[in-house]
Amino acid sequence: KEIILSKKKALIISHYNPDGDAIGSSFGLANYLNLINIESHVYNMHKVPDYLDFIKTKNFHNSLKNIPIDIDLFLLVDFNDLERSGHEMMDYLNEKIKEEKSIIIIDHHENNKIDYGKHYIDTNASSTGVLIYKLLMEFENNISPEIATSLLATIVADTSSFKNSNSNSEA
């Protein structure tokens with residue numbers, strides 16, 4: 001929370017071939033950060049799948065060309081290996097690491113391969129969206145219906161509509 005509140009411009013990155021957890025987590029977090037006056041940008045090398053087009057955010061990018069140069073916070077959500085962000089983004093992030101930029105990894109997968117930055121990882125969570133929700137509850141603002149919908153989509157996606165074993169964890 002303290003790291004996030006000290007920043008002005010964030011880039012949220014999710015894994016390529018995004019699913020409901022990647023898009024819902026990214027967009028929900030971006031919309032919340034915009035709500036608290038932190039300009040947020042979301043990157044994914046692929047477009048939002050058609051079945052998730054009900055989840056919206058502004059400043060969504062599929063290319064590094066449109067990302068502002070003055071990003072001061074990088075949030076990696078729903079992946080645990082830089083390779084899953086795509087080679088272009090992996091090279092970009094490796095350069096930012098050298099500049100000692102603030103990086104936070106938020107994920108629920110095992111076997112994390114990212115060994116820098118701050119980690120918020122809970123492998124018992126049904127989705128990364130659950131972790132985003134817990135993080136947002138640390139702030140004083142309420143979440144909007146739009147943000148709640150994004151986060152619900154993460155749980156529905158990663159539990160196959162509450163059918164698989166992930167649905168036993170906190171939701």
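The values are calculated or read from the model by the stated rules, or taken from the named source; none is laboratory data. Being a predicted model, the structure only gives us computed values, none of them experimental. Note that we place each Cβ from the backbone using ideal geometry, even for glycine, and neighbour counts take in every protein chain shown. The protein model used for the area step is the full one, side chains on, heavy atoms only, and it has no ligands, DNA or RNA in it. Shrake-Rupley method; radii C 1.70, N 1.55, O 1.52, S 1.80 Å.
Descriptive notes on the structure:
- Where chymotrypsin sites (Phe, Trp or Tyr not before Pro) fall in DSSP loop in the range 51-138, at most 12 other Cβ within 10 Å: Phe54, Tyr116
- The calculated Kirkwood hydrodynamic radius for the chain is 15.8 Å, given to one decimal from all distinct C-alpha pairs.
- GluC sites (Glu not before Pro) within the range 37-105: DSSP coil, no more than 15 neighbouring Cβ in 10 Å: Glu99, Glu100
- Eigenvalues of the alpha-carbon gyration tensor of the range 58-106, scaled by 5 and square-rooted, set the equivalent ellipsoid semi-axes at 15, 14, 12 angstrom, largest first.
- When the alpha carbon gyration tensor of the range 1-52 is reduced to an equivalent ellipsoid, its three semi-axes come out at 22, 10, 9 angstrom, largest first.
- Once Rg and the Kirkwood radius are both taken over the C-alpha atoms of the range 1-93, their ratio Rg/Rh works out to 0.93.
- For the range 3-71, the share of accessible area belonging to carbon and sulfur comes to 53 percent (1.4 Å probe, ligands and nucleic acids excluded).
- Computed accessible area, Ser6, all protein chains, 1.4 angstrom probe, square angstrom: 80
- Using the Stokes-Einstein relation with a Kirkwood hydrodynamic radius computed over Cα pairs, the translational diffusion coefficient of the range 90-158 at 20 °C and a viscosity of 1.002 mPa s comes to 157 µm²/s.
- For the range 1-105, the solvent-accessible area of protein heavy atoms averages 45 Å² per residue (probe radius 1.4 Å; ligands and nucleic acids excluded).
- Entries in Lys65/Lys118; Lys56/Lys96; Lys1/Lys134; Lys9/Lys118; Lys96/Lys118; Lys1/Lys65 that, when Cα-Cα distance is taken, lie over 22 Å: Lys65/Lys118; Lys56/Lys96; Lys1/Lys65
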